[in-house]
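Undergrad: Submitted below is the structure of interest, expressed as structure tokens.
Read-outs throughout are calculated quantities, based only on the coordinates presented, and are distinct from any laboratory measurement. For clarity, every value in this text was computed on a predicted model and none was experimentally measured. A quick note on method: Cβ atoms are made from the backbone with ideal geometry, for glycine too, and the neighbour counts reach across all protein chains shown.
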Amino acid sequence: MSRVTLSRFLIEQTRSHNTPADLRFLIEVVARACKAISHQVSKGALGGVLGSLDTENVQGEVQKKLDVISNEILLEANEWAGNLAGMASEEMDKPYQIPGQYPKGAYLLVFDPLDGSSNIDVNVSVGTIFSVLRCPDRQGEEGDLGDEAFLQKGTQQVAAGYAIYGPQTMLVLTLGDGVKGFTLDRELGSFVLTHDNIKVPEATKEFAINMSNQRHWEAPVQRYVSELLAGEEGPLGKNYNMRWIASMVADVHRILTRGGVFMYPRDAREPDKAGKLRLMYEANPMSMIIEQAGGAATNGTQRILDIQPDNLHQRVPVFLGSKEEVLRITAYHKG
Ligand code: P6P
């Protein structure tokens with residue numbers, strides 16, 4: 001059977017699920033931008049793209065050269081296409097306005113252009129995370145698109161995905177009807193469908209958390225992780241393995257592939273912050289993907305996709321992956 005490229009998959013989706021042509025085109029353009037980012041990332045030291053700039057992003061995090069390069073690739077690839085009303089990024093404080101010379105469209109694109117970028121200089125997998133929302137009707141409205149257009153619950157996402165730049169470059173995508181995986185065929189220059197129906201195993205023996213923060217965790221997380229570490233002699237009755245790549249895309253991809261539970265809780269290091277991960281362009285897209293693959297995703301007390309955002313860059317505690325474990329840690333939070 002001839003291989004199904006991303007383009008063919010999207011056209012077939014349009015026929016079978018009435019996927020709007022401008023959404024299909026948007027995904028194609030984002031995928032093309034991810035190929036360009038993959039190319040830049042793979043250059044490493046040869047491309048003069050490693051290392052940090054002397055600038056910080058809105059999060060107060062030192063920007064890597066590739067953070068800025070990746071952000072610019074996504075902006076330039078998408079601004080002219082006529083299917084977006086605006087864009088928002090981890091790397092920009094305010095929404096990106098579509099330049100006046102280009103037509104505007106129905107969608108909003110929100111992204112973390114290069115997640116896990118602290119791993120780049122040590123050659124560990126990183127990725128791009130993106131989320132697609134519909135732009136609220138701005139009939140008669142003038143002026144720049146404000147943050148409020150983006151502040152929609154994760155359930156309003158029409159598409160979500162990530163590219164992972166690892167031993168293979170892959171695009172993992174959901175349009176709300178299951179999760180598909182596409183592997184970049186560098187000879188063809190196309191993403192080829194290689195994982196037709198990704199499912200997260202309901203049970204797991206693997207957990208992911210940064211254990212160095214243990215003394216700062218709240219009681220439910222302390223209890224849960226101590227039970228995981230107690231193994232088969234403990235209340236959970238089985239031995240668990242641990243992985244922490246410190247690149248959300250890589251940890252989530254492993255969980256989609258073989259199960260697991262990913263945790264980034266709030267902790268006492270910065271009590272005024274709800275953890276480290278951002279709702280709009282990390283937690284929401286990853287939660288949509290995980291749920292579409294049969295897993296679960298909460299902030300410890302509620303479904304992440306049901307959270308009403310009040311800030312473009314707001315943070316949220318994240319517990320996601322194999323349903324059995326996410327429901328357990330969530331129950332512990334509810335006491
Ligand atoms: P820590 C990368 O910086 C990131 O935003 C996520 O990709 C990753 O899961 C997390 O932070 C790692 O955080 O505190 O373990 O370095």
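Undergrad: With θ set to phi - 60° and the Karplus curve 6.51 cos²θ - 1.76 cosθ + 1.60, what are the ³J(HN,Hα) couplings of region 28-34 in order, to the nearest whole Hz, using x for Gly and Pro?
TA: Values, residue by residue: 4, 5, 4, 5, 5, 5, 5 Hz.
Undergrad: Right, another one. With +1 on the Cβ of every Lys and Arg and -1 on the Cβ of every Asp and Glu, and nothing else charged, how large is the dipole of the chain about its Cα centre, in debye rounded to the nearest 20?
TA: 920
Undergrad: Over region 119-179, what relative contact order in percent results from Cα pairs under 8 Å that are six or more residues apart?
TA: The value is 37 percent.
Undergrad: What is the percent of Cα-Cα separations in region 106-161 that go past 12 Å?
TA: Looking at region 106-161, the distances longer than 12 Å represent 71 percent of pairs.
Undergrad: Between Ser42 and Asp121, what length comes free when the chain is fully extended (0.36 nm per residue of separation minus the Cα-Cα distance, one decimal in nm)?
TA: Gain on extension, Ser42 to Asp121, equals 27.3 nm.
Undergrad: Using modelled backbone amide H atoms (1.01 Å from N, in-plane), which distant-in-sequence or interchain residues come within less than 5 Å of Gln63's amide H?
TA: Leu53, Thr55, Glu56, Asn57
Undergrad: Could you state the angle between the C-alpha long axis of helix 248-258 and the longest principal axis of the C-alpha atoms of the chain, as a value from 0 to 90 degrees rounded to the nearest 10?
TA: Once rounded, the angle reads 70 degrees.
Undergrad: Which cross-chain or sequence-distant (5 or more) residues have an amide H under 5 Å from the amide H of Ile307, H modelled 1.01 Å from N in plane?
TA: Gly154
Undergrad: Something else about it: Relative contact order for the chain using alpha-carbon pairs under 8 Å, separation at least 6, rounded to a whole percent?
TA: After rounding, I find 15 percent.
Undergrad: Using only helices, what value at 222 nm comes out for the chain when you add -39,500 (n - 2.57) per DSSP H run of length 4 or more and divide by the total residues, to the nearest 500 deg cm²/dmol?
TA: Helix contribution divided over all residues of the chain: -9000 deg cm²/dmol.
Undergrad: Ordered by residue, what ³J(HN,Hα) values in Hz, to whole numbers, does region 285-298 give under the Karplus form 6.51 cos²θ - 1.76 cosθ + 1.60, where θ = phi - 60° and Gly and Pro are x?
TA: Going residue by residue, I get x, 5, 5, 5, 4, 4, 5, 5, 9, x, x, 9, 8, 9 Hz, with x marking Gly and Pro.
Undergrad: Could you state the angle between the C-alpha long axis of helix 219-230 and the longest principal axis of the C-alpha atoms of the chain, as a value from 0 to 90 degrees rounded to the nearest 10?
TA: 70
Undergrad: Here is a follow-up. How far is helix 65-78 tilted, in degrees, relative to the longest principal axis of the Cα atoms in the chain, given as a value from 0 to 90 rounded to the nearest 10?
TA: So the inclination is approximately 50 degrees.
Undergrad: Sticking with this structure for a sec: Between Thr204, Leu173, Val249, whose Cα lies farthest towards the positive end of the dipole of region 166-287 when Lys and Arg beta carbons carry +1 and Asp and Glu beta carbons carry -1, centred on the Cα centre?
TA: Val249
Undergrad: Please identify every one of the GluC sites (Glu not before Pro) in region 78-165 that sits in a loop by DSSP and has no more than 13 other beta carbons within 10 Å of its own beta carbon.
TA: Here the GluC sites (Glu not before Pro) that fit, given the DSSP loop and packing criteria, are Glu141, Glu142.
Undergrad: Could you give each residue of region 152-169 its phi-based ³J(HN,Hα) in whole Hz, using Karplus coefficients 6.51, -1.76, 1.60 with θ = phi - 60°, and x for Gly or Pro?
TA: Those phi angles translate into 10, 4, x, 5, 8, 5, 9, 7, 8, x, 8, 10, 10, 9, x, x, 10, 8 Hz.
Undergrad: Which of the peptides 204-211, 53-60 is most tightly packed, and how do the rest follow, judged by the mean count of other Cβ atoms within 10 Å per residue?
TA: So the order, starting with the most tightly packed, is 204-211, 53-60.
Undergrad: Under 5 Å between amide H atoms, partner at least 5 residues away or on a different chain: which partners does Asn239 have, H built in plane at 1.01 Å?
TA: Counting only residues 5 or more places away or on other chains, the set is Glu232.
Undergrad: Further question: By its C-alpha gyration tensor, with a ≥ b ≥ c as the square roots of the eigenvalues, how is region 1-156 shaped: rounded for a/c under 1.5, else prolate for a/b larger than b/c, else oblate?
TA: Taking the square roots of the gyration eigenvalues as a ≥ b ≥ c, region 1-156 is oblate.
Undergrad: Further question: Suppose each label sits 7 Å from its Cα in the direction of the beta carbon; what would the Lys273-Trp244 distance come out to in nanometres?
TA: 1.6
Undergrad: Then there's this: Quick check: pseudo-label points 7 Å beyond the Cα along Cα→Cβ at Gln59 and Glu232, how many nm apart are they?
TA: Label at Gln59, label at Glu232, 3.9 nm between them.
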